[in-house]
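Down below is the structure, laid out as structure tokens.
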Amino acid sequence: MTNRNRLPDTWDLDVIFPGGSDSPEFALFLEALEQDIAGFGERVLAAEREGASAETLETLTSELESLQARLIEAEAFASCHASANQKDKKAVALGSSIRSLAAAFESQLTRFDVVLTATPQHRWDAWMQRPALAPVAFPLTERRTLALEKMSPALETLLNDLAVDGYHGWSELYDATVSLVEVPFQEENGDTTMLSAGQAQNKLNHPSKEVRDRTFVAWENTWEKHADYCAQALNHLGGFRLQTYKHRGWDSIHKEPLDINRMSSETLASMWSAIEANRSFLLDYFKKKAELLGIEKLGWTDLDAPIGKAGEKLSFDDGAALIVDQFRRFGPKLADFAAMAFKDRWIEAEDRPGKRPGGFCTSFPLKKQSRIFMTYEGSMTNVSTLAHELGHGFHTHVMYDLPMLTQNYAMGVAETASTFAELIVSDATIRAAKDRDAKLALLDDKIQRSVAFLMNIHARFLFETRFYEERKKGTVSAERLNELMVAAQKEAHHDSLASYHPHFWASKLHFYITEVPFYNFPYTFGYLFSTGIYATAAGEGESFEDRYVSLLQDTGRMTVEELARKHLNVDLKKPEFWERSVALMKKDVEEFLAL
């Protein structure tokens, strides 16, 4: 293994807009965007007053797609700078300005919805057959249907305007709070280093139990100090959503995330039921892993602890080579994309202070590029995260030549592409393992993800569902949030752990994202759905890549049930598909136990 990196582990954003968050070119871009959003609004109002023709709808739709692409470009640029350097106050301010632009655009779209809903059904059906509209008929019809379920346009516009400093403001407060988080970590020489949240999170997966446990105590204590701020943010985000749903007449807290994910409640219920009924095999894995780690019972930080050779560090170069090589065994398109991402500096992976925690992939549709953010420390978990985010990037990459409206795929299918990429890397490395210990370590790393998606994510779903039920009655205290979190973790993990993570609700960014509530169950959907796709791919070999690309390209123009029926010939509302996917994970555990 090499020790020195030849590949750059910091990204290049200057090819998007030169000059960082002070970029004059970006400032002009935002200025033009603001003017064009206003101009779009004027043309929408004219269409609303005078009545829309098919030609008017075609023009407005084309303009809408252009504005949407430019907004995504702007949001991604500001977000990348703010994530890579949490002290970049200009980037944070730009993010706020762009959210104001996005709110203004949403208000214009609310007026656009009036144009859509005012069109009689027979005329709408005819319009959707026109060559310029047929390719975007699904997202336009979806938008029209959802608009009929909301408040009046005037109230929806007011809601969007108030959300900037209310709803989104609380999310920004949380981000600001996280940027101040510093976790004390005692080095081997006795010195204490203050770690960012992202750096400390990596230490929770350290090979040494003593280091993990010591870091976890400091981690919990640190979040406890910030818990009241986080609880304020979470309560106000939840309260805003509940009031919005009440005035729209929505009685289910799951309606919005299900609509966003183009998923039925029957599919969600079928998935969780199959998981709850079939995941107990993971308890056998818990017992064996505890034995291998030399402890009586796994604690929270032991779940992701590496065993054996998985604890060895893998340089960024070696991690990249591993990913590209294994992607190539699946197909050339995925491998070539990953190689391009590494070579062209699309990845920010440097392990340094000042970065926000977690990882993400964001797109720049105008430049037809992606950017991936993470903190790479050299563990197999880091390699998996990198493969995961490259899966997201590939998904976006194969859709760039489609109409912008059909590039808006739901989170559940987004997680399908990313977890599929993870499976390719993990399974290939397990097959190629040269000895028992290496294979055991790699299997353990893979099974950790099954634990995460079948148990940890379920705990988040249970917590969030119960939080909203209690939030309807009033503010939920930080202490009560801890209780709800631990209760959900115990239920999802069959109360089989020696310790839990009370402040997980405070440390997990996903609970504070305003774009979509319940930023949890789509991960599990994506993991199980991708497992089903992966089983199909294994049977067909390299020829499957073109079919896979075709499936990804359909993710923005049909429901998940339609997607599964067309490409896999399965019914997601029935438990059989989910049970088969869970059974494949059971095979991993059986192999692990046999070794």
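The values are calculated or read from the model by the stated rules, or taken from the named source; none is laboratory data. Fair warning: this is a prediction, and the values are worked out from it, not measured in the lab. Every residue, glycine among them, receives a Cβ derived from its backbone with ideal geometry; neighbour counts consider all protein chains shown. Note: accessible area is taken over every heavy atom of the protein model, side chains too, but ligands, DNA and RNA are not part of it. Shrake-Rupley method; radii C 1.70, N 1.55, O 1.52, S 1.80 Å.
Given the stretch 245-296, what helices (runs of 4 or more DSSP H) lie entirely inside it while holding 1 or more residues that are loosely packed, with under 14 Cβ neighbours inside 10 Å and free of Cβ contacts under 8 Å to residues at least 24 places away in the same chain? Before you say what the answer is, go through the steps one by one.
Numbers: elements: 255-260, 265-278, 281-293.
Once the helices (runs of 4 or more DSSP H) in the stretch 245-296 are filtered for at least 1 residues that are loosely packed, with under 14 Cβ neighbours inside 10 Å and free of Cβ contacts under 8 Å to residues at least 24 places away in the same chain, what remains is 265-278, 281-293.
Checking the structure you have, find out if any residue of the stretch 49-68 is at pLDDT below 95, among the polar types (S, T, N, Q), surrounded by fewer than 20 Cβ atoms within 10 Å (Cβ to Cβ) and not in a helix (DSSP H, G or I). Within the stretch 49-68, one or more residues are at pLDDT below 95, among the polar types (S, T, N, Q), surrounded by fewer than 20 Cβ atoms within 10 Å (Cβ to Cβ) and not in a helix (DSSP H, G or I). Of 381, 385, all but one fail to be touching a residue at least 60 places away in the same chain (Cβ under 8 Å), assigned to a helix (DSSP H, G or I) and of a type outside the set (Lys, Arg); the exception is 381.
Please go through the stretch 321-361 and pick out each residue that is in contact with a Lys or Arg (Cβ under 8 Å, 6 or more places away or on another chain) and without any contact (Cβ under 8 Å) to a residue 60 or more places away in the chain. 335, 361, listed by residue number. Of the numbered criteria (1) open to solvent by less than 60 Å² (accessible area, probe 1.4 Å); (2) closer than 26 Å to residue 432 by Cα; (3) under 25 Å from the mean Cα position of the chain (by Cα), the one residue 315 fails is (3).
Suppose we filter the stretch 234-244 for residues that are of a type in the set (A, V, I, L, M, F, W, C) and surrounded by fewer than 17 Cβ atoms within 10 Å (Cβ to Cβ); how many remain? Counting residues in the stretch 234-244 that are of a type in the set (A, V, I, L, M, F, W, C) and surrounded by fewer than 17 Cβ atoms within 10 Å (Cβ to Cβ) gives 1. Scan the stretch 220-233 for residues that are open to solvent by less than 30 Å² (accessible area, probe 1.4 Å) and either among the polar types (S, T, N, Q) or touching a helix residue (DSSP H, G or I) at 6+ places or on another chain (Cβ under 6 Å) (or both) and the total you get is 6.
With 40, 17 as the choices, which residue is hydrophobic (A, V, I, L, M, F, W, C), open to solvent by less than 60 Å² (accessible area, probe 1.4 Å) and assigned to a helix (DSSP H, G or I)?
Working: 17 fails: assigned to a helix (DSSP H, G or I).
Testing whether each residue is hydrophobic (A, V, I, L, M, F, W, C), open to solvent by less than 60 Å² (accessible area, probe 1.4 Å) and assigned to a helix (DSSP H, G or I) leaves just 40.
Screening 110, 157 for residues that are open to solvent by less than 20 Å² (accessible area, probe 1.4 Å), touching a residue at least 40 places away in the same chain (Cβ under 8 Å), among the β-branched types (Val, Ile, Thr) and within 26 Å of residue 256 (Cβ to Cβ) leaves exactly one candidate, 110. Scanning the stretch 34-55 for residues that are without any contact (Cβ under 8 Å) to a residue 24 or more places away in the chain and under 36 Å from the mean Cα position of the chain (by Cα) turns up 35, 39, 42, 43.
For beta carbons closer than 7 Å, sequence separation of 6+ or different chains, a first residue in the stretch 219-233 that is within 16 Å of residue 203 (Cα to Cα) and of a type in the set (A, V, I, L, M, F, W, C) and a second that is open to solvent by less than 70 Å² (accessible area, probe 1.4 Å) and assigned to a helix (DSSP H, G or I), the qualifying pairs are 219/200; 223/506; 223/507.
Need at least 2 residues that are farther than 22 Å from residue 257 by Cα and over 19 Å from the mean Cα position of the chain (by Cα) per element, so show me which helices (runs of 4 or more DSSP H) inside the stretch 441-559 make the cut, counting only ones lying wholly within it. Walk me through it before giving the result.
Details: elements: 457-471, 478-492, 504-507, 521-540, 544-554.
Fully inside the stretch 441-559 and qualifying: 478-492, 521-540, 544-554.
Does the stretch 217-238 include one or more residues that are of a type outside the set (Lys, Arg) and part of a strand (DSSP E or B)? No, the stretch 217-238 contains no residue that is of a type outside the set (Lys, Arg) and part of a strand (DSSP E or B).
When the stretch 560-573 is filtered for residues that are free of Cβ contacts under 8 Å to residues at least 40 places away in the same chain, in contact with a helix residue (DSSP H, G or I) (Cβ under 8 Å, 6 or more places away or on another chain) and part of a helix (DSSP H, G or I), the ones remaining, listed by number, are 564, 566, 567, 568.
Contact map, the stretch 125-138: first residue touching a residue at least 60 places away in the same chain (Cβ under 8 Å), second residue among the basic types (Lys, Arg) and outside any helix (DSSP H, G or I), Cβ cut-off under 9 Å, separation 6 or more or different chains; pairs are 135/557; 136/557; 138/557. Does at least one position in the stretch 160-170 carry a residue that is out of contact with any Ser or Thr (no Cβ under 9 Å at 6 or more places or on another chain), open to solvent by 30 Å² or more (accessible area, probe 1.4 Å) and over 30 Å from residue 222 (Cα atoms)? Looking through the stretch 160-170, at least one residue is out of contact with any Ser or Thr (no Cβ under 9 Å at 6 or more places or on another chain), open to solvent by 30 Å² or more (accessible area, probe 1.4 Å) and over 30 Å from residue 222 (Cα atoms). Of the residues in the stretch 362-378, how many are more than 25 Å from residue 177 (Cα to Cα), without any contact (Cβ under 8 Å) to a residue 60 or more places away in the chain and crowded, with 20+ Cβ neighbours inside 10 Å? Residues meeting the conditions: 1.
The selection criterion, being free of Cβ contacts under 8 Å to residues at least 24 places away in the same chain and over 26 Å from residue 91 (Cα atoms), does not hold for residue 410.
Residue-level analysis places residue 547 outside the set of residues that are in contact with a helix residue (DSSP H, G or I) (Cβ under 6 Å, 6 or more places away or on another chain), open to solvent by 20 Å² or more (accessible area, probe 1.4 Å) and not hydroxyl-bearing (Ser, Thr, Tyr).
Does the stretch 182-195 contain at least one residue that is open to solvent by 60 Å² or more (accessible area, probe 1.4 Å) and in contact with a Gly (Cβ under 8 Å, 6 or more places away or on another chain)? The answer is no; no qualifying residue exists. Screening residue 555 on (1) of a type in the set (Ser, Thr, Tyr); (2) open to solvent by less than 10 Å² (accessible area, probe 1.4 Å); (3) at pLDDT below 95 shows it passes everything except condition (3).
So, in the stretch 490-520, exactly how many residues are touching a Gly at 6+ places or on another chain (Cβ under 8 Å) and modelled with pLDDT of 95 or more?
Of the residues in the stretch 490-520, the ones touching a Gly at 6+ places or on another chain (Cβ under 8 Å) are 497-499, 509.
Narrowing the set further to residues that are modelled with pLDDT of 95 or more leaves 497-499.
So the answer is 3.
With the requirement that a residue be over 15 Å from residue 410 (Cβ atoms) and touching a residue at least 24 places away in the same chain (Cβ under 8 Å), what does the stretch 529-545 give you? 531, 532, 533, 534, 535, 536, 537, 542, 544, 545, listed by residue number.
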